[in-house]
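Below: one structure, written as structure tokens.
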Amino acid sequence: INKPLDRITADDIRYLLACKKRDGRSNTTLNNIRRVLCSFFKFLVNDDYIVKDPMLNIDVVRQEKVVKKPFSPIELEKILDVCRNDKNELARRRNVAMIECFLSTGCRVGEISSIKIEDVDFRKGECIVHGKGNKERLVYFDARTKIHLQNYLDERSDSNPALFVTLKEPHERLMIGGVETMLRELGRRLKLNKVHPHKFRRTLATSAIDKGMPIEQVQQLLGHQKIDTTMHYAMVKQQNVKLAHRKYIG
């Protein structure tokens, strides 16, 4: 824009967004730019650097709603099959245990990464995790996940308190980037698009709703404050909508 901050107008912002649109930026990116600029100019107004906020009349860019699909049963089996065939025994056990943990608990990747061994109660099949805002909550895992976690821990020889650690010594805690890299590599080997932690979370939510779990309980399971957020994660199968219509209305 090449103007002093106190002379920037709403038209200047619209021109900037139009240029970004012309350069091929998606509406999602445009909204992210808008969001950053809103925060920036709000700061300038609050700290008396400028008098008027040029972002007040800049509307949100309309975005097409894209249905984000969960993993299909076949895709999940392919992912697990690759893990099971890993030549590195520790990698095989860790990766299978981690994926089963994602599918059973619906945890965020940061929550999975931060779990300590002492947080896991194998007898009760539950685990304490720290979600957004460092809020503590209980998540639950099934018998299959329990077996894979115990098999993985039995294979480990280190003393790191983290539940999931790196494969190479000195076996540090496996961080978010390490989890994402591992899953991305699995997707590349299988030629599957978008193999990432959040897709497992979406898969759990969709499966739970599909099997009849009340949306309020799914919300609690995922640690969402607003139920609208939970609905974005879940994709209800159209066939089940048809059956429900016949049952309750038809």
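The values are calculated or read from the model by the stated rules, or taken from the named source; none is laboratory data. Note that the structure is predicted; figures quoted are calculated from it, not measured. Counting neighbours? That spans all protein chains shown, and the Cβs are built from the backbone with ideal geometry, glycine included. Side chains included, ligands, DNA and RNA excluded: accessible areas come from the protein's heavy atoms. Shrake-Rupley method; radii C 1.70, N 1.55, O 1.52, S 1.80 Å.
Going through segment 84-107 one residue at a time, which ones are surrounded by fewer than 20 Cβ atoms within 10 Å (Cβ to Cβ) and either part of a helix (DSSP H, G or I) or touching a residue at least 24 places away in the same chain (Cβ under 8 Å) (or both)?
Of the residues in segment 84-107, the ones surrounded by fewer than 20 Cβ atoms within 10 Å (Cβ to Cβ) are 84-92.
Result: Arg84, Asn88, Glu89, Leu90, Ala91, Arg92.
Just to be sure I understand the filter: pairs with C-beta atoms under 6 Å, separated by 6 or more residues or on different chains, first member in segment 182-193 and under 17 Å from Ser113 (Cβ atoms), second member open to solvent by 20 Å² or more (accessible area, probe 1.4 Å) and of a type in the set (Phe, Trp, Tyr). Which pairs pass?
none
Do we find a residue being surrounded by 19 or more Cβ atoms within 10 Å (Cβ to Cβ) and touching a strand residue (DSSP E or B) at 6+ places or on another chain (Cβ under 8 Å) anywhere in segment 36-46?
no
So which of Leu186, Leu153 is crowded, with 16+ Cβ neighbours inside 10 Å and in a helix (DSSP H, G or I)? I'd like the intermediate steps shown before the answer.
Working: Leu153 fails: crowded, with 16+ Cβ neighbours inside 10 Å.
Exactly one of Leu186, Leu153 is crowded, with 16+ Cβ neighbours inside 10 Å and in a helix (DSSP H, G or I), namely Leu186.
Note down all Cβ pairs under 9 Å where the first residue falls in segment 1-22 and is more than 16 Å from Arg35 (Cα to Cα), the second is assigned to a helix (DSSP H, G or I) and among the aromatic types (Phe, Trp, Tyr), and they're at least six residues apart or on different chains.
Pairs that qualify, where the first residue is more than 16 Å from Arg35 (Cα to Cα) and the partner is assigned to a helix (DSSP H, G or I) and among the aromatic types (Phe, Trp, Tyr), are Ile1/Tyr15; Leu5/Phe41; Ile8/Phe41.
Among the residues of segment 196-213 satisfying the criterion of being over 15 Å from Ile176 (Cβ atoms) and not in a helix (DSSP H, G or I), which is modelled with the lowest pLDDT?
Checked segment 196-213; the qualifying residue modelled with the lowest pLDDT is Gly212.
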